[in-house]
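Down below is the structure, laid out as structure tokens.
The values are calculated or read from the model by the stated rules, or taken from the named source; none is laboratory data. Please read all numbers here as calculations on a predicted model, not as lab measurements. Cβ coordinates were reconstructed from backbone atoms using ideal geometry, including for glycine residues, and neighbour counts include every protein chain displayed. We work out accessible area using only protein heavy atoms, side chains counted, and drop any ligands, DNA or RNA first. Shrake-Rupley method; radii C 1.70, N 1.55, O 1.52, S 1.80 Å.
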Amino acid sequence: MNKTHCLTAALAVLLAAPTAVATQTANAQTVQEAAKANAQQMIILSEDFSKMTAGSENNPDLSVNINSSGENVNPDYTQTPGWGAGYVYPAGGMICFQNPDPDEKAAFFYTPVFDASAENGIFFVSFYARLVENTPDYKGLGYNTQDAANNNVIEYGNVSGMTNEWKKFTLRFEQGKQKTRVIFREEYGVKVLLKDFKVYREQTTVGSPNVLRHLYYTGTSFRPRWNKVEGATKYYVNVYKSDEEGKIGEQVVTDFETTDTICTVRNIVPGVIYRYNVTASDGTNKSQPSRYVVLNELQSPTPDDVEIAADGSYTATWEKIPNALFYNYYVYEDRIAENDGEFTLIDEDFNSVTDANGSKMDWTPGNEPKDIKTQAKGFPKGTNLSGYFATYWAPLTGGYAMVDGWNYFYDVVKNVQDAETGEDLKRYAKIETPVLNFSADSSVKLKVSLWGDYASDDLDKEHNYPEYQVNAIAAIVAFNPETGLYEEVERKHFDLDKKTWKNVECEFSKGYEDAKIVIYATDGPSVLYIDNLKVTQQLKKGDAFATCIECQPGLVDAKASVTLPADYAKKNIYQRVVAVNNHKSLFLNLEYNWYSGPSELQLIHEASETAINDAAANAAAVEVARYAVDGTQLAAPQKGVNIVRMSDGTARKVVVK
């Protein structure tokens with residue numbers, strides 16, 4: 001049953017947060033002792049409830065309504081205005097949570113909005129609490145912090161360890177915002193007394209480090225990093241084993257000291273979840289430890305060498321990756337530019353596009369059914385290239401694809417992110433091209449036909465949302481080997497016409513060796529239709545372009561069976577594997593896929609007769625330059641894939657073992 005129907009919509013999401021996190025989480029745990037000696041307590045908010053004079057500790061006055069209207073507490077009862085409550089009563093200079101119907105309701109109390117952004121968002125909440133009657137195994141008051149700017153949940157948990165004896169509780173929070181609110185709720189029908197409530201931060205001589213995303217995770221090592229702290233001369237890194245719920249376990253690295261703002265932590269174990277923090281020091285005093293940062297990633301797979309049979313068939317294998325749920329396997333082939341000029345990288349008409357089961361949906365743009373059943377995620381079939389990926393989409397019988405931007409208001413506008421990792425959790429409606437090796441030497445041109453619907457969201461009529469024109473964003477997303485993530489590097493916005501097809505085009509300033517193009521629905525909660533996608537780039541004669549010819553997603557076993565096209569012997573053929581896991585956002589109760597970095601594009605068959613060789617057959621071409629796949633010029637052959645440019649202007653990829 002929903003225990004929040006007595007609350008406003010703004011708090012319903014918060015108080016509906018699950019209570020499975022029954023103990024104090026890593027990001028809101030009992031205050032750490034580090035930095036206590038030199039810390040000065042800076043009070044942000046204080047409330048002793050001394051004005052709640054009615055009733056007594058053992059006999060709260062349930063006849064007193066402390067609210068002036070709705071959930072708003074009458075300012076006569078508090079030191080500062082802006083508190084909110086429901087089913088909370090005065091008890092002789094304290095308050096009592098008295099939940100009348102735990103199957104249906106929650107007693108709740110929340111603070112005014114306050115600024116908790118100082119000290120990198122680290123702040124504390126302390127109070128005294130006890131149960132009116134001892135209740136063994138009581139799970140405790142639930143708590144939430146909320147970013148009042150967008151009503152997003154930040155951190156949550158339960159205050160455990162309450163008995164019928166007074167006890168002081170101190171919670172440490174690490175995600176404070178400029179507009180923060182703390183909410184407590186009692187949803188089990190247990191009477192809880194609370195007094196002497198304070199919100200404060202610890203001002204130390206040296207500020208707490210702001211930890212950035214770590215770099216170069218390998219499975220056995222990673223590089224934590226952080227911003228320089230003024231006055232700090234050294235830093236200490238501490239690493240702990242953890243679990244998915246944020247519980248801190250065995251310490252595996254203790255006070256690893258460095259004078260730099262980045263270091264390398266070694267000897268970690270693949271597949272183990274870790275959490276780490278950083279403390280700054282001026283040589284005498286220590287700062288508050290930074291927030292805990294989760295380290296829960298996947299190693300990049302390394303495919304084994306393959307034996308290709310005469311008919312082009314082979315079985316690809318690779319070592320299993322700890323914690324991987326499944327794998328996506330890709331096959332690429334080289335296409336060769338026969339002349340200098342504009343080269344077509346992608347030409348997708350979507351005429352034969354289907355879902356994974358070979359099905360299409362039957363409707364025309366602007367006439368979609370009321371209940372659109374779209375795939376949450378999937379790999380479209382029947383496309384000219386393999387390896388497209390789409391979310392909240394459907395293939396249509398007219399020969400185009402549709403993406404449903406219903407989540408626009410709920411995720412994109414609210415900027416939903418994993419508070420621990422910073423991972424973007426907005427549920428975009430989008431189509432992604434396969435990952436391709438765009439040349440970095442010239443711009444990338446895109447043309448596409450789009451139809452954005454014009455509609456309102458029926459579920460939000462109470463908010464008086466007008467009808468919105470659904471528009472589109474096209475972005476180029478490139479792999480960053482430092483972070484191990486695909487990151488947006490450039491985007492273009494398209495304003496569309498009301499319920500009609502519009503041909504749009506844009507130009508991205510450059511290409512990237514390992515990148516994809518993504519088209520999103522934006523600006524409204526309805527659908528976007530996509531057709532006639534074409535991507536071109538200026539290439540030189542002999543330039544090679546690796547294009548995806550096969551994608552096998554969702555492989556539970558670490559192997560794939562492949563039969564190459566009949567003309568494979570004349571082409572360079574490559575393989576690539578990505579491992580996939582499922583992450584749970586600690587504070588948002590959302591699950592999402594987490595991808596390893598892709599394996600290198602591994603050459604598994606070298607062309608016996610290529611367009612490059614044909615073009616150079618009558619010339620005594622010699623090597624004039626050699627490059628790594630990232631474009632770095634090499635002074636000598638380097639292990640892996642090398643790009644060799646010849647004196648006649650042609651180029652080829654070779655594998656150095």
Length gain on complete extension for the stretch N267 to L634, per 0.36 nm per residue less the alpha carbon to alpha carbon distance?
-> 129.0 nm
Convert each backbone phi in the stretch 216-229 into a coupling constant with the Karplus relation 6.51 cos²θ - 1.76 cosθ + 1.60 (shift: θ = phi - 60°), then list the ³J(HN,Hα) values in order as whole Hz, x for Gly and Pro.
-> 6, 6, 10, x, 10, 7, 7, 10, x, 8, 7, 6, 5, 9
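For the chain, what is the relative contact order in percent, using Cα pairs closer than 8 Å and at least 6 residues apart in sequence? Mind dumping the intermediate values first?
Details: 1781 pairs, mean separation 82.1, N = 657.
Rounded, it is 12 percent for the chain.
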What dipole magnitude, in Debye to the nearest 20, does the chain give about its Cα centre under +1 on Lys/Arg Cβ and -1 on Asp/Glu Cβ?
-> 1120
Difference of contour (0.36 nm per residue) and Cα-Cα distance, E623 to Q79 = 187.8 nm
List, in order, the whole-Hz ³J(HN,Hα) value for each residue of the stretch 564-580 obtained from phi through the Karplus relation with A = 6.51, B = -1.76, C = 1.60 and θ = phi - 60°; use x for Gly and Pro.
-> 6, x, 4, 8, 4, 4, 8, 10, 6, 10, 10, 10, 8, 10, 10, 8, 10
For Cα Rg over 2.2 N^0.38 Å, the choices are [x] 1.41; [y] 1.04; [z] 1.13; which was calculated from the structure?
-> [z]
Please tell me the relative contact order of the stretch 379-522 in percent, rounded to the nearest whole number, where contacts are Cα pairs under 8 Å and at least six residues apart.
-> 28
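Length gain on complete extension for the stretch V656 to A149, per 0.36 nm per residue less the alpha carbon to alpha carbon distance? Show your work: numbers first, answer last.
Numbers: separation 507, 0.36 × 507 = 182.52 nm, distance 5.48 nm.
Stretched fully, the V656-A149 segment lengthens by 177.0 nm.
Among H583, H605, what's the order by accessible area (1.4 angstrom probe), most exposed first?
H605, H583
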Farthest towards the positive end of the dipole of the stretch 78-219, among L194, T163, G142 and with Cβ unit charges of +1 on Lys and Arg and -1 on Asp and Glu, lies the Cα of L194
Order D418, D137, D371, most accessible first, counting only protein heavy atoms with a 1.4 angstrom probe.
-> D137, D371, D418
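With charges set only on the Cβ (+1 for Lys and Arg, -1 for Asp and Glu), what does the dipole of the stretch 311-455 come to about its Cα centre, in debye to the nearest 20? Walk me through the numbers before you get to the answer.
Numbers: 13 positive and 23 negative charges, 115 e Å.
Computed about the Cα centre, the dipole is about 560 debye.
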Those residues of the stretch 263-277 whose amide nitrogen sits under 15 Å from the label point placed on R223, 7 Å along Cα→Cβ | 263-266
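Charges only on Cβ, +1 for Lys and Arg, -1 for Asp and Glu: so what's the dipole of the stretch 433-578 about the Cα centre, in debye to the nearest 20?
Working: 17 positive and 23 negative charges, 173 e Å.
For this selection, approximately 820 debye.
Using the Kirkwood radius over C-alpha pairs as Rh, can you work out the diffusion coefficient of the stretch 478-542 via Stokes-Einstein at 4 °C, viscosity 1.567 mPa s, in µm² per second?
On the way: Rh = 14.7 Å.
Here the translational diffusion coefficient equals 88 µm²/s.
How high is the FRET efficiency from K426 to E257, r the C-beta distance, R0 30 Å, rounded to 0.05? All intermediate terms of the calculation are to be shown ahead of the outcome.
Working: r = 39 Å, r/R0 = 1.29.
Using R0 = 30 Å, I get an efficiency of 0.20.
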With θ set to phi - 60° and the Karplus curve 6.51 cos²θ - 1.76 cosθ + 1.60, what are the ³J(HN,Hα) couplings of the stretch 111-124 in order, to the nearest whole Hz, using x for Gly and Pro?
-> 7, x, 6, 9, 8, 10, 7, 5, 6, 6, x, 8, 8, 10
Simple spin-label model, 7 Å along Cα-to-Cβ: T170 to K584 in nm?
-> 3.0
Filter on K373/K516; K510/K540; K105/K139; K247/K426; K177/K198; K381/K498 - keep pairs with C-alpha separation over 19 Å = K373/K516; K247/K426; K381/K498
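Once the Cβ-Cβ distance between N285 and Y216 is put in as r, and R0 is 35 Å, what FRET efficiency do you end up with, to the nearest 0.05? Spell out each step's value before the answer.
Working: r = 31 Å, r/R0 = 0.89.
Once rounded, the FRET efficiency stands at 0.65.
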Fraction of alpha-carbon pairs over 19 Å apart in the stretch 39-95 - percent | 29
With a bin width of 5 angstrom, please list the P(r) values of the stretch 155-257 as percents of all Cα-Cα pairs, from the 0 bin to the one holding the largest distance.
-> 2, 6, 13, 17, 18, 16, 12, 8, 5, 3, 0
Any idea which of S208, L298, A106 is furthest toward the positive side of the dipole for the chain, if Lys and Arg beta-carbons carry +1 and Asp and Glu beta-carbons -1?
-> S208
List the residues whose amide H sits under 5 Å from the amide H of Q417, counting only those 5 or more places along or on another chain, with H placed 1.01 Å from N in the peptide plane.
-> L425
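Looking at the P(r) of the stretch 202-337, how many percent of alpha-carbon pairs lie beyond 27 Å?
Numbers: 3557 of 9180 pairs.
Here the tail beyond 27 Å accounts for 39 percent of pairs.
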Sort out for me the Cα centre separation of the stretch 308-360 from the stretch 43-98, rounded to whole Å.
-> 64
Counting pairs of alpha carbon atoms under 8 Å apart in space and at least six apart in sequence, what relative contact order in percent does the stretch 271-319 give?
-> 30
Zone of A118's modelled label, taken as backbone nitrogen in the stretch 165-202 under 19 Å from a point 7 Å along Cα→Cβ = 171-182, 198-202
Any idea which of T500, A560, N120 is furthest toward the positive side of the dipole for the chain, if Lys and Arg beta-carbons carry +1 and Asp and Glu beta-carbons -1?
-> N120
